[in-house]
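J.: Have a look at the structure that comes next, please.
The values are calculated or read from the model by the stated rules, or taken from the named source; none is laboratory data. Because the structure is predicted, anything quoted here is derived from the model rather than measured. So basically every Cβ, Gly included, is an ideal-geometry build from the backbone, and we count neighbours across all protein chains shown. When the accessible area is computed, the model is the full protein with side chains, heavy atoms only, and any ligands, DNA or RNA have been set aside. Shrake-Rupley method; radii C 1.70, N 1.55, O 1.52, S 1.80 Å.
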Amino acid sequence: DAMVIQNPRYQVTQFGKPVTLSCSQTLNHNVMYWYQQKSSQAPKLLFHYYDKDFNNEADTPDNFQSRRPNTSFCFLDIRSPGLGDAAMYLCATSEYPDITGYEQYFGPGTRLTVT
Amino acid sequence: DQQVKQNSPSLSVQEGRISILNCDYTNSMFDYFLWYKKYPAEGPTFLISISSIKDKNEDGRFTVFLNKSAKHLSLHIVPSQPGDSAVYFCAARAGATNKLIFGTGTLLAVQP
């Protein structure tokens, strides 16, 4: 089945220790997204790629970086995690948008704990 | 500033009855609305959507209603089933960017 895969599902890192979360997709979608979701809050878009074009949200901290080496893979790098970065990180994909809209397909998420 | 609001954190409904989940928005530029369903330890799954040029869209037991003048949409599930118990997120898109703004979700519990 075509899908969005996130690894690992659970990640524990130490305060200040860099961590990388990965996302892969078999849907062959051109657009990939990273969201952060904290408990009882709405998923918040961090950045997204149209193909290799990177689009950062204005309020995404510099501590968060991303790489998309090819269509199938996308990585989220947190350079110096703080306690406030503990959250669920969701990867999503979609076709190019048009006026009819395309839904986004989400992976299962990576739960990040910072100790 | 929360542009998409789901004011009911939780809702409990008896099996077989109707579930109505509500969502309000503030940005008149939103042109497309989606509902997602999320089970614990899984990512959100697309459920149903509606364009701003329509006022109703139906898919099986799920119907979404849009009231543009009130900037309000609702998701109706009828009849409700225990497997519908999940968190439901309302999301809105502004223009052709496909960037979605999500609400905080409503936890639906369908009691057998």
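J.: Taking the stated definitions as given, is A:THR110 within 14 Å of chain B (Cβ to nearest Cβ) and at negative phi?
T.: On the way: within 14 Å of chain B (Cβ to nearest Cβ): yes; at negative phi: yes.
Judged against the criteria, A:THR110 is a match.
J.: Check the stretch B:57-74 and report whether any residue there is among the small types (Gly, Ala, Ser), at positive phi and open to solvent by less than 80 Å² (accessible area, probe 1.4 Å).
T.: Within the stretch B:57-74, one or more residues are among the small types (Gly, Ala, Ser), at positive phi and open to solvent by less than 80 Å² (accessible area, probe 1.4 Å).
For every residue, the table says whether it meets (1) in contact with a His (Cβ under 7 Å, 6 or more places away or on another chain); (2) surrounded by fewer than 13 Cβ atoms within 10 Å (Cβ to Cβ); (3) touching a residue at least 24 places away in the same chain (Cβ under 8 Å).
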position: B:GLN14; (1), (2), (3): no, yes, yes
position: B:ASP31; (1), (2), (3): no, no, yes
position: B:ILE50; (1), (2), (3): no, no, no
position: B:TYR88; (1), (2), (3): no, no, yes
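J.: Based on what the data block shows, is A:PHE64 open to solvent by 30 Å² or more (accessible area, probe 1.4 Å), modelled with pLDDT of 95 or more and under 21 Å from A:ARG9 (Cβ atoms)? First the steps, then the outcome.
T.: Values: open to solvent by 30 Å² or more (accessible area, probe 1.4 Å): no; modelled with pLDDT of 95 or more: yes; under 21 Å from A:ARG9 (Cβ atoms): yes.
For A:PHE64, the condition - open to solvent by 30 Å² or more (accessible area, probe 1.4 Å), modelled with pLDDT of 95 or more and under 21 Å from A:ARG9 (Cβ atoms) - is not met.
J.: May I pose another question? Among the residues of the stretch B:36-43, is any under 13 Å from the mean Cα position of the chain (by Cα) and facing chain A (nearest Cβ under 10 Å)?
T.: The answer is yes, given that some residue of the stretch B:36-43 is under 13 Å from the mean Cα position of the chain (by Cα) and facing chain A (nearest Cβ under 10 Å).
The rows are residues; the columns are (1) closer than 23 Å to B:GLY105 by Cβ; (2) without any contact (Cβ under 8 Å) to a residue 24 or more places away in the chain.
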| site | (1), (2) |
| --- | --- |
| A:GLN41 | yes, yes |
| A:PHE47 | yes, yes |
| A:ALA58 | no, yes |
| A:CYS74 | no, no |
| A:SER80 | no, no |
| A:LEU83 | no, no |
| A:LEU90 | yes, no |
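J.: Oh, and also: Picking from A:ALA87, A:ALA58, A:ALA92, A:ALA42, which residue would you name as being under 21 Å from B:VAL4 (Cα atoms) and either in contact with an Asp or Glu (Cβ under 6 Å, 6 or more places away or on another chain) or surrounded by fewer than 18 Cβ atoms within 10 Å (Cβ to Cβ) (or both)?
T.: Within the list A:ALA87, A:ALA58, A:ALA92, A:ALA42, the selection yields A:ALA58.
J.: Given the criteria of a type in the set (Ser, Thr, Tyr), open to solvent by less than 20 Å² (accessible area, probe 1.4 Å) and closer than 16 Å to B:GLY43 by Cβ, does A:TYR105 qualify?
T.: no
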